[in-house]
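All of the numbers you see were taken from the coordinates with simple rules; none came from a lab. Keep in mind that this is a model prediction, so the values were computed, not measured. Cβ sites come from the backbone with ideal geometry, for glycine too, and all protein chains shown count toward neighbours.
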Amino acid sequence: MKLDNTLIIVADLGELKVFRVKKHEGIVGNELKISHSLEIVNDLDYIATHKKISELVSDKAGNFKGGNLEDNKLEDQIEKRTIKDIASDIDSIVKNEKPKRLFLAFAKESNNQLIESLNPDTRDLIAKNIKLNLIKEDKNKILSYFE
C-alpha cells in the first residue's frame, strides 16, 4: 500500500493526535527495504470532556447535588460540541497539511457522528476509518491497524 503523503488521525473525546507517515528506504544485502514510521504533527486536548458536570455548573447556592436528567442533557451537549470541535480541527489540519489520503481511528460510539461533522472534502480523503479508540496505543503499533 502506498503511504506517501498520508496522515493518520487517532482521537477520542478528550484528545486528538495527528501523525504523518514517514517513508524510510535502505539497502540490505542486494535488496531495497522500505519501512514506515509515524511522526507526530499535532496533539490537541479537549478539556471540557475531562471535567465533571459539577465543575462546570452549580445550583444557586453554589452546590451541586446528585445527578439528574438535566445533567445527562448537559453531558450530551458537551459531547456533541466536542465532536464538532474535533471535526473542525481535523478539517483545519487537513486543509493545512494537504494530504493525499487520511486514515482515521475514532471510538465506535461516536464515529458516525464525527464523520458526518467533517467537511465533504475531508471525508473524501478518508481511505480507512477504524471504529476503535487508539489514542493510548503505542505510536509504533498504530500503523499496523490500517494495513
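Stretching Asp4 away from Asn96 to a fully extended chain increases their span by 31.5 nm, per 0.36 nm per residue minus the current alpha-carbon distance.
Classify the range 67-147 from the C-alpha gyration tensor, please: rounded if a/c falls under 1.5, else prolate or oblate depending on whether a/b exceeds b/c. Write out the running numbers ahead of the final one.
Working: a/c = 2.53, a/b = 1.52, b/c = 1.66.
Verdict is oblate for the range 67-147.
Length gained on full extension, Ile47 to Lys33, computed as 0.36 nm times the residue gap minus the Cα-Cα distance: 0.8 nm. For the cross-link pairs Lys84/Lys136; Lys84/Lys139; Lys22/Lys73; Lys2/Lys80; Lys100/Lys131, the ones whose C-alpha atoms lie over 32 Å apart are Lys22/Lys73; Lys2/Lys80.
Working note: Karplus 6.51/-1.76/1.60 with θ = phi - 60° gives the range 136-147 the couplings 9, 6, 4, 4, 6, 9, 4, 4, 4, 5, 9, 7 Hz, where Gly and Pro are set to x.
Please give me the summed charge of the neighbours of Leu134: other residues whose Cβ is under 13 Å from its Cβ, Lys and Arg +1, Asp and Glu -1.
Details: positive: Lys17, Lys108, Lys128, Lys131, Lys136, Lys139, Lys141; negative: Asp12, Glu15, Glu137, Asp138.
Counting the neighbours of Leu134, the net charge comes to +3.
In summary, the range 9-49 shows an alpha-carbon radius of gyration equal to 1.79 times the 2.2 N^0.38 Å reference for compact globular proteins. Modelled this way, with points 7 Å down the Cα-to-C-beta line, the labels at Asp138 and Lys23 are 2.6 nm from one another.
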